[in-house]
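Novice: Take this structure first; my questions come after.
The values are calculated or read from the model by the stated rules, or taken from the named source; none is laboratory data. Model, not experiment: these values are computed from the prediction. Cβ coordinates were reconstructed from backbone atoms using ideal geometry, including for glycine residues, and neighbour counts include every protein chain displayed. With ligands, DNA and RNA removed, areas are computed over all heavy atoms of the protein, side chains included. Shrake-Rupley method; radii C 1.70, N 1.55, O 1.52, S 1.80 Å.
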Amino acid sequence: MEFPFDINNLFPERISTLDRNLGSGCEASRRPEPQDQIATVINELGRASAQAQQLAAPITSASKLRYSNHHLFLLKEGEGNGGRGVVVGFLKVGCKKLCLLDRRDAHVEAEPLCVLDFYVTDAMQRHGYGLELFDFMLRHRQAEPALMAYDRPSAKFLSFLAKHYSQTERVPQVNNFVVFCGFFLNGQGKVNLCTK
Ligand code: ACO
């Protein structure tokens with residue numbers, strides 16, 4: 001995804017972690033212009049993700065991020081667009097209080113780290129970028145795929161989780177979240193709670 005400004009200036013790292021401050025670790029981000037540019041990038045990514053998932057409206061935007069405790073991981077390729085860099089995709093996670101059903105249909109309250117939105121630009125899908133983003137997020141949040149919940153995952157994302165993290169056995173829920181068997185098998189039968 002190309003933009004009419006320098007992505008490499010805006011996002012010096014290959015993967016940037018953005019929070020409600022739209023911080024990118026970029027010194028220049030304290031100036032208003034880069035903040036506007038970061039918001040433009042997030043809004044474009046949110047729109048493209050919604051389109052790819054055939055959602056009525058984006059679930060990711062700069063204003064939504066500003067009023068949340070979510071983290072957005074943004075991946076760029078530094079080489080494209082005449083050396084200005086291109087945006088490849090993003091992954092958004094956050095903790096949610098959920099009422100879930102365990103394998104015996106008993107109600108369990110949990111506050112797991114959830115994948116809320118995930119998108120790699122159409123032409124760059126199936127080249128390992130999604131895995132790079134997901135692995136980065138797991139290290140950053142010290143998370144495990146089995147102990148996370150997934151908000152309305154698409155068929156592509158379910159295939160991704162099966163292929164890369166062997167997450168296949170779903171425990172049926174009455175809400176839009178998907179959890180896998182390992183969610184309820186975390187050693188001491190404890191509910192999964194966010195630590196950050
Ligand atoms: N059809 C089926 N499976 C796919 C497809 C596809 N078109 N694209 C990716 N996958 C899955 C497959 O398991 C694939 O392995 P394979 O090629 O051997 O079949 C694997 O992902 C490839 O892994 P990566 O290359 O690391 O993943 P990618 O960079 O494509 O990113 C992602 C995965 C984010 C799901 C991407 O395909 C995408 O953006 N899809 C459209 C938007 C979407 O569905 N996002 C998830 C929304 S749900 C949520 O966010 C909670």
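Novice: Return the whole-Å distance between the Cα centroid of the stretch 47-71 and the Cα centroid of the stretch 90-165.
Specialist: Computed from Cα coordinates, the inter-centre distance equals 16 Å.
Novice: Considering the chain as a Gaussian network with a 10 Å cut-off on Cα pairs, which listed residue, ALA123, ALA162, ALA146, attains the greatest mean-square fluctuation?
Specialist: Largest GNM mean-square fluctuation: ALA123.
Novice: Using a 1.4 angstrom probe on heavy atoms only, work out the carbon and sulfur share of the accessible area of the chain in %.
Specialist: On the way: 4980 of 10530 Å².
Carbon-and-sulfur percentage of accessible area, whole number: 47.
Novice: Considering only the chain, what is the antiparallel percent among its DSSP beta bridges, to the nearest 5?
Specialist: Close to 90 percent.
Novice: Taking the simple approach of a point 7 Å from Cα along Cα-to-Cβ for both PHE5 and THR17, what is their distance in nm?
Specialist: Here the answer is 2.4 nm between the modelled labels.
Novice: For helix 155-165, what angle does its Cα long axis make with the longest principal axis of the chain, in degrees from 0 to 90 and rounded to 10?
Specialist: Approximately 80 degrees, to the nearest ten.
Novice: Okay, next question. Using only Cα atoms, tell me the angle between helix 32-52 and the longest principal axis of the chain; keep it within 0 to 90° and round to the nearest 10.
Specialist: 50
Novice: For CYS95, what accessible area in Å² do you get when you roll a 1.4 Å probe over the heavy atoms of the protein chains, rounding to the nearest 10?
Specialist: CYS95 has an accessible surface of roughly 30 Å² with all protein chains in place.
Novice: Please state the relative contact order of the chain as a whole percent: Cα pairs under 8 Å, 6+ residues apart?
Specialist: Details: 328 pairs, mean separation 34.3, N = 196.
The normalised contact order for the chain reaches 17 percent.
Novice: Grab the DSSP H runs of the chain that are 4 residues or longer, score each as -39,500 (n - 2.57), total them, divide by all residues and round the 222 nm result to the nearest 500 deg cm²/dmol.
Specialist: -8500 deg cm²/dmol
Novice: Kindly sort ARG141, ARG126 by accessible area of their heavy atoms, largest first, with the probe set to 1.4 Å.
Specialist: Greatest to least solvent exposure: ARG126, ARG141.
Novice: Keeping to pairs on different chains or 8 or more places apart, tell me how many lysine pairs in the stretch 7-183 have Cα atoms under 25 Å apart.
Specialist: Taking the Cα cut-off of 25 Å, the pair count is 11.
Novice: Leaving out ligands and nucleic acids, note down the accessible area per residue over the stretch 7-183 with a 1.4 angstrom probe, in whole Å².
Specialist: 51
Novice: Still on this structure, please answer the following. Write down, largest first, the equivalent ellipsoid semi-axes of the chain in whole Å, where each equals the square root of 5 times an eigenvalue of the alpha-carbon gyration tensor.
Specialist: 31, 17, 15
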